[in-house]
Structure formats: C-alpha cells, structure tokens
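The values are calculated or read from the model by the stated rules, or taken from the named source; none is laboratory data. All values reported here derive from a predicted model rather than from experimental measurement. A quick note on method: Cβ atoms are made from the backbone with ideal geometry, for glycine too, and the neighbour counts reach across all protein chains shown.
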Amino acid sequence: MKSAKTYITEHKQRFIDELIELLKIPSISANSAHKGDLIKTAEAVKVSLEKAGCQTVEICETPGYPIVYGEIVVDKNLPTILVYGHYDVQPPDPLDLWDSPPFEPVIKTTDIHPDGAIFARGSCDDKGQMYMHVKALEYMTSTDQLPCNVKFMIEGEEEVGSESLGWFVERNREKLANDVVLISDTGMIAPDVPSITTGLRGLSYVEVEVTGPNRDLHSGLYGGAVANPINVLTKMIASLHDENNHITIPGFYDDVEELSLEERAKMGEAPFSKDAYLKAIDIEDTYGEKGYTTNERNSIRPTLDVNGIWGGYIGEGAKTVIASQAFAKISMRLVPDQDWKKITDLFAKHFESIAPKGVRVKVTPHHGGQAYVTPIDSLEYKAAEKAYEATFGKTPIPQRSGGSIPIVALFEKELKSKTILMGFGLDSDAIHSPNEHFGIWNYLKGIETIPQFYHFFTEMSK
Ligand code: BES
Ligand code: MN
Ligand code: MN
C-alpha cells in the first residue's frame, strides 16, 4: 500500500502546477465584474473533483454564485465527512503594494518558507487549503484507501458573507447529512507547532452614514456654525471605546462568555513571542482592551473596528469645504453567546442616540454570523489530534482564532454536526493583504495529514 508521503513526492510538481492554474482565475466575489471568473473557477473545481474520484459532481445554482457539490459513497453504513471550502477570494487591492501580480502566481522562498511559497491572491485563503482536500482525496481513491464516505461543498461567496450557502444548506439538509464537517480555512501557530482551531469569532458588519447640510459648504462661510459630518462621525466613532478600550455600547458585553482563570491560564501556555509579533508587523507595542493579553484580545474578546472611512475632499491640493456627508464601515468581532443580530440592533440604536442635533445618521447592516467554539474531548477532536500526531510527531495545540467563518455555527444548527478546523496557513502568510502566499511545505503537509483524519475518524466511529 502506497503511503501518502510517497504518493505526494511522486506527484508534487503536478499538485503545485494544478493549484497555480486555479490561482490564475481572479474569482473576486466582492466585485460583480468578475462574475464570469467565479463561474469559471466553479467549473475548474468541478473538474478537479471528478478527476480526484468523486462519483457525482454538480454545479448547484443559487441566488448568488454557484456551489460545487461532489460525493463518493463507499458504504452507507460507514461515516460521512463533509468537506467545506471556498473558491472565491478577496479583492487584491491595493495593487501597487504587490511585488508580483496577484493572479500571476510565482514561487519564492522566505525565512519561514525555506521550501518556497506560492504568492497569489487566494493561495492560502482558501484555494490552496481547499485544494489540499481535493489532492488528499485523489491520493485515497487512486490507492484504494478511502475509508469512508465523503461529500464536498465548495462555495463562492465566503468572502462576502455566505448568503447563498445558508439558503443552500436549509434546502439540502438530507443531501448534506454527515458525521463531521472538515474545513481547512484557518491557520496554525507555526510549522513546528501544529494546532487545531477550536473557536472562531462571530461578526456584525455595518455601514454608517452621517448627513449634515443639504450640499457641500464653503468651510469659511459656514465653518464653526454648522455640524461638520466628518468631525461628528469621527467624534462619534472615538466615543465607542473608553479610556480602557472597552466598548461603550450599552448592553454590548451582556452575553459575553467569561472564561475561567484556569481556561485563560491554559490558553496562555500556547507558545507566543511578543517580540516576533511586533517585529512581523513593524509596530512598537500592542494596543487593546485593558486586563487582557494579546492572544485573549484577538480570540476570546469582542472588538469594534473601523474598516474604512471616507467623505469630503481627498483629491490633490487643498479645497476648503465642509462635506454634506461622511461614511464608515465598521466590523464588530463577537464571541460565544453574543447574538450578532442583537448586537447589530444595539449598535444602531446607540449610534443613532449619540448623534448631535444638526446631523442625521443612517446605519445599514451588512452581514454577520455567530461565533463558534468546540470542545476538545469530542471524538472528532481526538481523531484530528491523532491525525496530526501521525504526521507531525507532536500533539497539536487547541487554539481559538480571531477570524470568522460564520457558516460553521450554521452547520451545527442546521446539520447538527461538529466542525474540525484543520488550518495549515500561517499568520505571516498575509491573507487579505498584498503578497498573500502559502508555503509549499504547508500545502503538502496538509495533503498528508487529511487522509489520517479520515482514517482515525472512521476507526474511532466504529
Ligand atoms: N479564512 C478566513 C477566516 C479565518 C482566517 C479564520 C484565519 C481564522 C483564521 C475567511 O475567509 C474570512 O476571511 N472570513 C471573514 C468573514 C467573512 C464573513 C467575510 C473574516 O474573518 O473577516
Ligand atoms: Mn477563508
Ligand atoms: Mn478570507
């Protein structure tokens, strides 16, 4: 029987070349001009699943971008793994900060990736990590070692809120029935520190609009006598945090899950170098909520951040003007037990209530989702732990991540299954940023580890 290691060594170049082809298609879900590219990518994913041995693969139409669904049923009495991933990517902007074009993948070595990394938008998030599952399946089917049933569901709207996926899951509960959901769309602590993501934050994303006078005004003739929407907006935003960086929205923390000191101490055992953290992003010190460590601030604590802000004159030179309107996009990362719709309402009520007379405020909710946390004593987790032990020779560390994959909570609610998050990206891989990349070592290690999960999960389910 051929080992995954041997198979990967023999097919390594092809695995890399195939991923590179997928990365060339600019499947940017946020930009409707790329609709054709999303459809082309879905087609390419379909073909790859067929080649990897799926018995049936369909492109399922939705109100938005299509979902690629594939399956292999080995034996109805065996467990079923549902693999989820996304083929859409973030916009590459700002383009001038890329060292090579985002959709012309190149391989370069870095300090952390001595074996090389593929630089391209989507290489790590999530085409590269999704494709590890396709290649792991190819290995299992072509060497006759697939131990259980498998279903693939690869969507094209993750980066814009997965609206159609909720629609699809609600309508296809039976088709999607499974014993565990398996996802690679998160990260690991370091190449020599394998970790399994046990928590994700929820999200509420809103846009705010502050409107003052009915037209842009001369800032000399009117300045000082009318509320300037930009001044007002920035003041309102600044008031959303107090001097300890707690969020000031009434009721915001009401449902926040409080961790025990033991749990926090356990979390604190994960290796973390503050120096390396500061150096990697070139800042002098960290910043955040009083009373919490950096790792706590970006995993078990909720946040509020402005993601974009605009208004007024931003062209060349100076123009003396008081703009009629000012805008901002604001995200709130949420933790278990906070309800994203409730938080969105609390935000809107509070934001409207703090607006001074002389401006009007409009809050428009975008998307959101619930946080997720999974226990580490479950069969699913234990099977994942054994899989990493087999390929890394080390027990992986459970880690709660600050990012969000809102549909994970939905899988638990609608499909009643737990999710295992086997991420192989590194924080330094620059997902959503210019020069996103994915280590070739990480890519191949993922392909090697995934079949082990299939094996242990099937064995332990007996
Ligand atoms: N793969 C990421 C989420 C992620 C990355 C979680 C790293 C944990 C570690 C996903 O594609 C993503 O970017 N999600 C969005 C939310 C979505 C609703 C737009 C996010 O977290 O901003
Ligand atoms: Mn992702
Ligand atoms: Mn993403």
Residues of segment 223-247 being in a loop (DSSP other than H, G, I, E, B), within 19 Å of LYS349 (Cα to Cα) and either without any contact (Cβ under 8 Å) to a residue 24 or more places away in the chain or not assigned by TED's automatic domain parsing to the domain that holds GLN338 (or both), in sequence order, are ASP242
Counting only residues in segment 401-460 that are assigned to a helix (DSSP H, G or I) and among the hydroxyl-bearing types (Ser, Thr, Tyr), the one surrounded by the most Cβ atoms within 10 Å (Cβ to Cβ) is identified as TYR443
Within segment 248-273, residues free of Cβ contacts under 8 Å to residues at least 60 places away in the same chain and not in a loop (DSSP other than H, G, I, E, B) come out as LEU261, GLU262, GLU263, ARG264, ALA265, LYS266
Restricted to segment 102-157 and to residues being in contact with a Pro (Cβ under 8 Å, 6 or more places away or on another chain) and among the hydrophobic types (A, V, I, L, M, F, W, C), the residue nearest to ligand 3 (Cβ to nearest atom) is ALA120
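Here is a yes/no grid of residues against (1) more than 25 Å from ALA225 (Cα to Cα); (2) not aliphatic (A, V, I, L, M):
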residue: LYS274; (1), (2): yes, yes
residue: TYR292; (1), (2): yes, yes
residue: ASN295; (1), (2): yes, yes
residue: VAL335; (1), (2): yes, no
residue: ASP345; (1), (2): yes, yes
residue: ILE354; (1), (2): no, no
residue: VAL363; (1), (2): yes, no
residue: HIS367; (1), (2): yes, yes
residue: LYS382; (1), (2): yes, yes
In the set GLU207, GLU104, GLU170, the lone residue that is in contact (Cβ under 8 Å) with a residue 40 or more places away in the chain, more than 16 Å from ligand 2 (Cβ to nearest atom) and assigned by TED's automatic domain parsing to the domain that holds LYS362 is GLU207
Take ASN435 and decide whether it is within 30 Å of ALA280 (Cα to Cα), polar (S, T, N, Q) and within 16 Å of ligand 2 (Cβ to nearest atom). no
Checked VAL68, VAL57, VAL45 against criteria (part of a strand (DSSP E or B), of a type in the set (Val, Ile, Thr), assigned by TED's automatic domain parsing to the domain that holds ASP126 and surrounded by 22 or more Cβ atoms within 10 Å (Cβ to Cβ)); the one match is VAL68
